[in-house]
Structures are given as structure tokens and as C-alpha cells.
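Student: Below you'll find the structure I mean.
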Amino acid sequence: MAFSGKTVVISGTSRGIGQATALRFMAEGWRVISCARGPLPEDLARTDLWQDHILADLTSATGAETFVRNVREVLAGDPLHALVNNAGVSPKTPFKERLGILNGPIDGWRDVFELNFFAPLRLSRGFAGDLHKGKGAIVNITSIAGHFVHPFAGSAYSTSKAALSGLTREMAAELAQLDIRVNAVAPGEIATEMISPEYEALIPRIPLDRMGSPEDVAACVFRLCTDEFGYVTGTEIFITGGQHLY
């Protein structure tokens, strides 16, 4: 695939939605700069368009700032055309329960918000100048759990995603003056490595009668970053197979 002249930064690409999104941008001719806490799988088929993968821990201000600095060195003054804030965490307590209102340490909530909320804020702020050069787009990966009580999502995760939805709206309003569009996608039940057998019980609640794929999400994320969607900002798209209708 010939280089399109555009560059995207994607966080959390070691698996699942992040990895599928990186592969979609690569297939469309975009240069991909990615990050995760660990390396990419050795058998992952990548072209020259996706050679920049940076090990990064975005759970602290220092880690996020270091990642931004490393990416800007790679960019070497070139514009950035898209940022996909995908990295996130949905932790369990030591007793394998989701982190909720009455169980688990309060510090665990802070850890969830550091990655699910503050990391997107820090990266968006850090790359604002580069995105302004490229008249670029930001896509935040939220969740259906940020809008409805979900039987298998803990309260810490759900409220962090609700906060990210609110941040998307505020970012869209503020960054419009820099010619940066900001949108979000809210996946429902997506068949990734993180899905456990208990999620099968939710399929009857999905009008399309199946779980989604990471590629379903990647397709929507990619389109939101293209010129075809150049007049769309401040929008959150549900990728749920209709589950959010009930």
C-alpha cells in the first residue's frame, strides 16, 4: 500500500481493538505510530508503514509525557493527522470481582481514571500542536458501559468511560479553534481476548444477534479520521449491534 502522506498515533495496540485499528490504518496507507506496555506479537504482519512501536506506560503523567516526546522526535516536525486514544483498563479486585462502589481500594479507582481518562487528556494536549498542523482528528474509545449499567463492567470502569464521553464533548468545543475534530466510538460486546464466557448471555440482548469484531470498531474509527467526515465533531457513535437501544 502506497503511503497516503498521513500519520496516526494509536495507544494500546498490543491486541484487540487497538491492534485491529492500527492494521486498518496501515492497510489504508497511513503511517502508524503505536504504543503499548509491551512489544507487539512477533507474528503480526506489518508493512513499512507500521514500524514505529514505542513501549510506554501511560498510567502516569511522566509516562505520557515521555511518550509524547518520543513520538514528536519520530515526527521530526511533520504534522499529525489523527490520534486514537484506545488504551484502557477494566481491573478486578484480588477476589476477581469488578472494581465497584463497595469493594476494592479507592486507589484502584484512581488507577483506572489515570489510564482511561487522564491519559487521553494528556495525549490530546501533548499532540495538539502537531494535530493543528495536520488539521487532524482525535477519536476516543469509550464504551456502552459509560451510558448504561452493564452487568459485567465495574463501576470504576463505567464511570471512567462516562467521564471520557464528557471529555470528548468538551475537547470538540475547545479544539475546534485549532481545526482539530474530536469524536468518540462506544463499543458494546466486542469479541476480543478480554471477553469471558459470561458475555455470551448478553447476545440475546443484541438486535444483530452477534458480538462485534475489533474490525467493526476499527472501520468506524478510521472513517471518523478521514476527510469524508470533515464536518463531524463532538459525536459519539455506538458500535453495539443495537444493544444500546434497550
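Student: Report, ordered by chain and residue number, the aspartates and glutamates lying within cross-link reach of K161, taken as a straight Cα distance under 13 Å and ignoring same-chain residues fewer than 8 apart.
Tutor: Reachable aspartates and glutamates: E114, E236.
Student: Also, quick follow-up: Counting pairs of alpha carbon atoms under 8 Å apart in space and at least six apart in sequence, what relative contact order in percent does the stretch 7-240 give?
Tutor: So the answer I get is 21 percent.
Student: Around M211, what is the net charge, scoring Lys/Arg as +1 and Asp/Glu as -1 over all other residues with Cβ under 10 Å from its Cβ?
Tutor: Summing Lys/Arg as +1 and Asp/Glu as -1 gives -3.
Student: In terms of the Cα gyration tensor, with a ≥ b ≥ c the square roots of its eigenvalues, is the stretch 1-108 rounded because a/c is under 1.5, prolate because a/b exceeds b/c, or oblate?
Tutor: In terms of gyration-tensor shape, prolate.
Student: Do the sum for the chain: with -39,500 (n - 2.57) for every DSSP H run of n ≥ 4, divided by all residues, what is the mean residue ellipticity at 222 nm, to the nearest 500 deg cm²/dmol?
Tutor: Taken over the chain, the calculation gives -10500 deg cm²/dmol.
Student: What shape does the stretch 135-176 take by its C-alpha gyration tensor, where a ≥ b ≥ c are the square roots of the eigenvalues and a/c under 1.5 counts as rounded, a/b above b/c as prolate, and the rest as oblate?
Tutor: prolate
Student: Follow-up question, since we're still on this one. How would you classify the stretch 189-237 from its alpha-carbon gyration tensor, with a ≥ b ≥ c the square roots of the eigenvalues: rounded for a/c under 1.5, else prolate if a/b is greater than b/c, otherwise oblate?
Tutor: Prolate.
Student: Now for a different question. If we count every other residue with Cβ under 13 angstrom of I239's Cβ, Lys/Arg +1 and Asp/Glu -1, where does the sum land?
Tutor: -2
Student: About the Cα centre, and with charges only on the beta carbon of Lys, Arg (+1) and Asp, Glu (-1), how big is the dipole of the chain? Nearest 20 debye, please.
Tutor: Using only the charged Cβ atoms, the result is roughly 300 debye.
Student: A further question follows. So what's the gap between the Cα centers of the stretch 153-181 and the stretch 45-68, to the nearest angstrom?
Tutor: After rounding, the separation between the Cα centres reads 21 Å.
Student: With both partners inside the stretch 7-240, how many of the DSSP beta bridges are antiparallel, as a percent to the nearest 5?
Tutor: In the stretch 7-240, approximately 5 percent of DSSP beta bridges are antiparallel ones.
Bear in mind these aren't lab numbers, they're just calculated from the coordinates by the rules spelled out. Computed from a predicted model, the values in this text were never measured in an experiment. Cβ atoms come from the backbone with ideal geometry, glycine included; neighbour counts cover every protein chain shown.
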